[in-house]
Structure formats: C-alpha cells, structure tokens
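See structure below.
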Amino acid sequence: MLSYFDEGKVYEVILVTKSNVTPVGVVREGEKLRFKLFPGRSFREVLETGKASIQSTNDPELLVRTALNLPVTLEFVEKNGYRWIEGLPGLYGRVESRVKRWKDELGETEVLLCELIPEGEIEGKLPLRPFSRADCILVEMAVLFTRYRVRPGESLREEILKMHSLYNHLGGSSPTAQYIVELLTGKAQNRK
C-alpha cells in the first residue's frame, strides 16, 4: 500500500486514532508517512498512544464532514490497539512525534510533527467513483473554512465564497458546501 504514495506529494487521507477521525495531509518519505496535527483530539491521542491508522478515500463528503466535525456514519474495526474504518484501504502503525512551536498568518500555536511507520495494511476497496473538479474545490473550501474558524477574516471569507461559486459552476451540489456558505453568510440554521 505504501508504494501507491509517490514520494514528496501531499495526499489527503483519513487519520483514525483511538476515538477520532480527521482528514490529514500526508507526504511519503521513504518507508514513512509524515504529517502534522494542530491541537485537538487526534493530537492528544497520538501523543498518548503513539498509534494511528491512515486510510484512503475518494469520498469528498467524508473528508469535508470529518474536517468540520459533522456527523458521519462509519463502522470501525479494532485490532491490537489500532482502530480503522471498515472497508477503506490503508495502513496502520506506530507514530513517532514531537511537539514544535508553529507560527503563520493565523498566529502562534503548537504543532505535532508526526511520522507513521507502517506495521500492517488495512484491506479495503474504494468504490468506482471518479473524483471530479468540483470535489477538489469542495475539499479546498473545507480546508480554508477550518482556517477561517480559527481566525475569521473578510479576505478568507470572500475567497471561500468565490470558490463556492466555482464549485456550483462545476456541478457541485453538496449540502455540506451549502452549510459552509450559510455559516459564512450568517444564514445558518441548526441543521447538520
């Protein structure tokens, strides 16, 4: 499975820890997958257990909904202290990590720099579902929206709304995209 990751390229995957599921960008370096986590449940659980699973998906809704902590229906497998989503291919292994100070345009915080050293493969099969250009825009909207929630700003808000316009032009119709727009425009209702 590791051989499917080209070295140096960023892949958006699902990280599964003891009790959390979140998307994360990983980069293959040799026999390891590198990623970083900002403070939150996955950050704490990787520090606590030193274990995680990384799984592939071609479902943009799964990536976006887990990024925004919106409800998803998933079944899990637990084995030898590892946990993963049933049916999705991936890898599980130990995680070596270190905490580092991080500073960017949003401010300063801690970041957990991680390396997953695979110990086993997770069997699974992705559905035959081509990834569309609209799907790419939806994932990028969610990435920017998570940044917006940390530090709201008009330029970032406008960028997300502009992306939503392109998303619609490309045929996108996700209720999650609409939810993001409703939150940005103050028209959000209490629906998930």
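When the Kirkwood radius is taken over all Cα pairs of region 1-136, what Stokes-Einstein diffusion coefficient follows at 37 °C and 0.692 mPa s, in µm²/s?
The Stokes-Einstein estimate is 214 µm²/s.
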### Query
Which stretch or stretches of region 1-21 have amide N atoms under 18 Å from the point lying 7 Å from LEU74's Cα along the Cα→Cβ direction?
11-21
### Query
What residues qualify as long-range amide H neighbours of ILE122, i.e. H under 5 Å apart, gap of 5 or more or another chain, H built at 1.01 Å from N?
GLY90, LEU91, TYR92
### Message
Need the list of lysines near LYS9 for cross-linking: C-alpha distance under 26 angstrom, and skip anything on the same chain fewer than eight residues off.
### Response
LYS32, LYS36, LYS51, LYS100, LYS103, LYS125
### Query
What length, rounded to one decimal in nm, is gained on full extension from LEU47 through to LEU166, with 0.36 nm per residue of separation minus their alpha-carbon distance?
38.9 nm
### Message
If I take every Cα pair under 8 Å that is 6 or more residues apart in the chain, average their sequence separation and divide by the length, what percent do I get for the relative contact order?
### Response
19 percent
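Express the carbon and sulfur contribution to the solvent-accessible surface of the chain as a percent, rounded to the nearest whole number, probe 1.4 angstrom.
49 percent
Taking only protein heavy atoms and a 1.4 Å probe, what accessible area per residue, in Å², does the chain have with all protein chains in place? Intermediate results must be reported in sequence, preceding the final value.
Details: 10770 Å² over 192 residues.
Per-residue value: 56 Å².
The values are calculated or read from the model by the stated rules, or taken from the named source; none is laboratory data. Just so you know, these numbers come straight off a predicted model, no measurement behind them. Because the Cβ atoms are built from the backbone with ideal geometry, glycine has one as well, and the counts that use them run over all protein chains shown. The protein model used for the area step is the full one, side chains on, heavy atoms only, and it has no ligands, DNA or RNA in it. Shrake-Rupley method; radii C 1.70, N 1.55, O 1.52, S 1.80 Å.
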